[in-house]
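The structure appears below as structure tokens.
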Amino acid sequence: MMNNRIKRMALILLLLISVQMSYHTAADGLEGAIIQDAGSPEDRQVAIVIDDFGNGSDGTKEMLNLPVHFTVAVMPFMHMTRHDAEMAHKRGHDVLVHMPMEPNSGKREWLGPGAITSALSDKEVRHRTEAAIRDVPYAIGMNNHMGSKVTADEHIMRIVLTVVKEHGMFFLDSRTTYKTVIPKIAAELGVPLLSNDVFLDDVYTESHIAKQLGILHKHMDSHATGVAIGHVGVPGKKTAAVLKVTIPRLQQSMNFVRLSEMLTPSSEKDIIPHP
């Protein structure tokens, strides 16, 4: 037991050192940017989004116990969809519909039920989008699960984003492809849009997750806002553990907020979670 505790403490120390080194590297790489102009921590907002809730995946409990408010992206039509959305809302987190969308590659079973694919009729795309929104209680926005193929398709995304607008929701572009058309279509339709800046756990190791948090810190040295996406599931417990350790340090220079707090105020009605 003592050896395990020592190993755990050593790992945490290494993670803190790794993140601190990433901070220094980030600052060194700005080449003259005036970092102090970024302002106080309250002036720099970071939103952590955790994808893939709804399936009782590893890390669900650990993520819900993080010491800050964050945004919970819940997959529709799963056995824990309603439970996870209700728990997240109860704890004060934002809830998103984590909409499955066809990728350019990958196993079909990774998509989950009710996915938007390029083979669907316009009517079915609308139907599935509507159904997903109804299935995730308290959702105030949507982001894409996978979707490198669909989010590059203007015709399909125009249908999806039209439904999003009709429900008074916003969209988070997970940016799973550089060919994304979401910013263009969202601007045309007037859909409030936010975009992912950093994937935290695209490699399933704690050292990589710590490195990605260093990249997030670099981003925040020259930006007022930042969005980072992590996951429950295979990397879930590792991502939660690294976030739990590093959030107090990150709070010295940035403020953790819900995604909805980043939206530009609108003269239209406020975004209200549907029951």
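Key figures
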{"read-out": "Positions within the range 233-268 being among the acidic types (D, E) and modelled with pLDDT of 95 or more, in sequence order", "value": "E261"}
{"read-out": "Hey, D202 within 13 Å of the chain's Cα centre (by Cα) and among the charged types (D, E, K, R) or not", "value": "yes"}
{"read-out": "All positions within the range 198-249 that are outside any helix (DSSP H, G or I), small (G, A, S) and closer than 24 Å to R44 by Cβ", "value": "S222, A224, G226, A228, G230"}
{"read-out": "Residue count for the range 164-192, restricted to those that are surrounded by fewer than 20 Cβ atoms within 10 Å (Cβ to Cβ), within 18 Å of L96 (Cα to Cα) and out of contact with any Leu (no Cβ under 8 Å at 6 or more places or on another chain)", "value": "3"}
{"read-out": "Residue match in the range 193-212 (condition: crowded, with 18+ Cβ neighbours inside 10 Å, in contact with a helix residue (DSSP H, G or I) (Cβ under 6 Å, 6 or more places away or on another chain) and under 15 Å from V68 (Cα atoms))", "value": "no"}
{"read-out": "Filter result for D84 (surrounded by fewer than 24 Cβ atoms within 10 Å (Cβ to Cβ), at pLDDT 95 or above and not hydrophobic (A, V, I, L, M, F, W, C))", "value": "no"}
{"read-out": "Residues satisfying the stated conditions in the range 134-158, i.e. over 19 Å from F77 (Cβ atoms) and either free of Cβ contacts under 8 Å to residues at least 24 places away in the same chain or surrounded by fewer than 23 Cβ atoms within 10 Å (Cβ to Cβ) (or both)", "value": "S148, K149, A152, D153, E154, H155, R158"}
{"read-out": "Some residue of the range 98-118 being β-branched (V, I, T) and under 15 Å from I140 (Cβ atoms)", "value": "no"}
{"read-out": "Matching residues, the range 222-253, being surrounded by fewer than 21 Cβ atoms within 10 Å (Cβ to Cβ) and either among the acidic types (D, E) or over 25 Å from G56 (Cα atoms) (or both)", "value": "S222, H223, A224, T225, P248, R249, Q251, Q252, S253"}
{"read-out": "Members of the range 16-75 found to be modelled with pLDDT under 50 and farther than 21 Å from A224 by Cβ, listed by number", "value": "H24, T25, D28"}
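The values are calculated or read from the model by the stated rules, or taken from the named source; none is laboratory data. Since the model is a prediction, treat every value here as computed from it, not as a measurement. Using ideal geometry, Cβ is built from the backbone for each residue, glycine included, and neighbour counts are taken over all protein chains shown.
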